[in-house]
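Working notes, beginning with the structure itself.
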Amino acid sequence: MTATLLFASKTERWTTYEAPLRHALGALGVKYRLGTDFPPEEVDYIIYAPNSGIVDFTPFTRLKAVLNLWAGVEAVVGNPTLQVPLARMVDFGLTQGMTEWVVGHTLRHHLGMDTHILNQDGAWRKTAPPLARDRRIGLLGLGALGIAAGTTLARLGFPVTGWSRSEKSAEGITCRHGEAGLRETLAQADILILLLPDTPATRDVLDADAIARMPRGAVVINPGRGPLIVDDALIAALDSGQLGHATLDVFRTEPLPPEHPFWAHPKVTVTPHIASETRPDTAAEVIAENVRRGEVGEPLLHLVDRDLGY
Ligand code: NAP
């Protein structure tokens, strides 16, 4: 059987994905047609980005699965017209990129790099930073990205406590779950990293009450999703000194509007949703493997639980 794969994303992405996809599908011996324009009733798999413009999956009458190009699925998971399995992206390049971004921004705050980078003014500020073992990390989310970033930070010597929905274990990470586990994770987070998905259960997880449980002067780093944080509570905590800094990559509205107070706040660093992205070479292998699995009736990798929303 020949599988028909519709690549549904922005045009410029097609130019970077087409060759890696053909290579990966060929390497697995998948028989396929791949393109950006097929009649819906001929499509077996949609390689999907939320900005593709597809909002109604009903015309795709023989669709076998939707293969999301991104890790986050909040834009598609609740679509009632989607009646086939939805796989999210877990990609070596995406994971590695996120680990590098998280470690970089953690080290910025841990080492107090701004003191010297921003103050080349002739003053000899001779205070050595503490060792990693004296800086406690809290990590909300122990999925593909959280575990990778957390174990790397642990290898550098940081004590890492991580929180997830279900009970987990990961090398070097003290794993917690449930309400009590969240409180414990927050209470010891000199630096708190958010790598949760955006779901009804995680929205507003970092509200005023949660922030008040953190050590005074703690730093928040959010490469997860904007709705995890209550913006007003974060700003109030930065203003009062309860929080020392927030480095934010994701926002409730993106691009972050120019008038949003985060831009001008002296204790906020805004990065424009660049913490990590799917890398065509490695992601193509994941997509090809899922098409192969779909064609031989094996379970797909990285399936989304539609009820949980991630
Ligand atoms: P994942 O593998 O699905 O992991 C999600 C983690 O969150 C899991 O540990 C899960 O717990 C936990 N979780 C979910 N709901 C929870 C709840 N109600 N309470 C406590 N823990 C909960 O996702 P991932 O691949 O690591 O990606 C995480 C998120 O990063 C994505 O959803 C996306 O929003 C974001 N992201 C951002 C960028 C960027 O450039 N800024 C790039 C890629 C991804 P269990 O382990 O118990 O299931």
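The values are calculated or read from the model by the stated rules, or taken from the named source; none is laboratory data. On a predicted model such as this, the values are computed, not experimentally measured, just so you know. Every residue, glycine as well, gets a Cβ built from its backbone with ideal geometry; the counts of neighbours run over all protein chains shown. Accessible surface areas use protein heavy atoms only, side chains included; no ligands, DNA or RNA. Shrake-Rupley method; radii C 1.70, N 1.55, O 1.52, S 1.80 Å.
Here are the numbers for the structure shown:
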| read-out | value |
| --- | --- |
| J(HN,Hα) series, the range 45-59, from Karplus relation 6.51 cos²θ - 1.76 cosθ + 1.60, nearest Hz, glycine and proline x | 9, 10, 8, 10, 10, x, 7, 6, x, 7, 10, 10, 8, 4, x |
| Percentage relative contact order, the range 93-270, counting C-alpha pairs under 8 Å, at least six apart | 16 percent |
| Portion, in percent, of the accessible area of the chain that falls on carbon or sulfur, probe 1.4 Å | 55 percent |
| Quarter of the Cα convex hull surface for the range 93-270, i.e. its orientation-mean projected area (nm²) | 10.7 nm² |
| THR161 - accessible surface, heavy atoms, 1.4 Å probe, Å² rounded to 10 | 20 Å² |
| Surrounding net charge for GLU289, when Lys and Arg each add one and Asp and Glu each subtract one, Cβ distance under 12 Å | -2 |
| Net length gained if the chain between HIS23 and GLU298 were fully extended (0.36 nm per residue, minus Cα distance) | 96.9 nm |
| Mean accessible surface per residue for the range 93-270, computed with a 1.4 Å probe while every protein chain stays in place, in Å² | 47 Å² |
| Relative counts (whole %) of C-alpha pair distances in the chain, using bins that are 20 Å wide | 31, 52, 17, 1 |
| Most mobile of PRO59, PRO223, PRO159 in a GNM of the chain (Cα contacts under 10 Å) | PRO59 |
| For the chain: relative contact order, % (alpha-carbon pairs under 8 angstrom, 6 or more apart) | 19 percent |
| Helix-derived mean residue ellipticity, 222 nm - over the chain, DSSP H n ≥ 4, -39500 (n - 2.57), to 500 | -10000 deg cm²/dmol |
| Long-range amide H partners of ARG176 with built H, under 5 Å | GLY162, TRP163, SER164 |
| From phi via Karplus (6.51, -1.76, 1.60), per-residue ³J(HN,Hα) for the range 116-132 in Hz, x at Gly/Pro | 9, 5, 8, 10, 8, 10, x, 7, 8, 8, 9, 10, 6, x, x, 7, 3 |
| Most fluctuating residue given options HIS116, HIS273, HIS177, as computed from a GNM of the chain linking Cα atoms under 10 Å | HIS116 |
| Residue-span extension gain [THR61 to THR271] - 0.36 nm each, minus C-alpha spacing | 71.6 nm |
| Qualifying trypsin sites (Lys or Arg not before Pro) in the range 45-146, DSSP loop, other Cβ atoms within 10 Å at most 13 | ARG62, ARG125, LYS126 |
| For the range 145-213 versus the range 1-50, the gap between their alpha-carbon centres in whole angstrom | 37 Å |
| Rounded to the nearest 10 Å², the accessible area of TRP263 at probe 1.4 Å | 130 Å² |
| GNM top mover of PRO40, PRO197, PRO257 - the chain, alpha-carbon springs below 10 Å | PRO257 |
| Loop-resident sites, the range 229-300, for GluC sites (Glu not before Pro), counting at most 15 other Cβ within 10 Å (DSSP) | GLU259 |
| Amide H contacts under 5 Å for ILE221, placed H, 5+ residues apart | LEU192, ILE193, LEU194, THR247 |
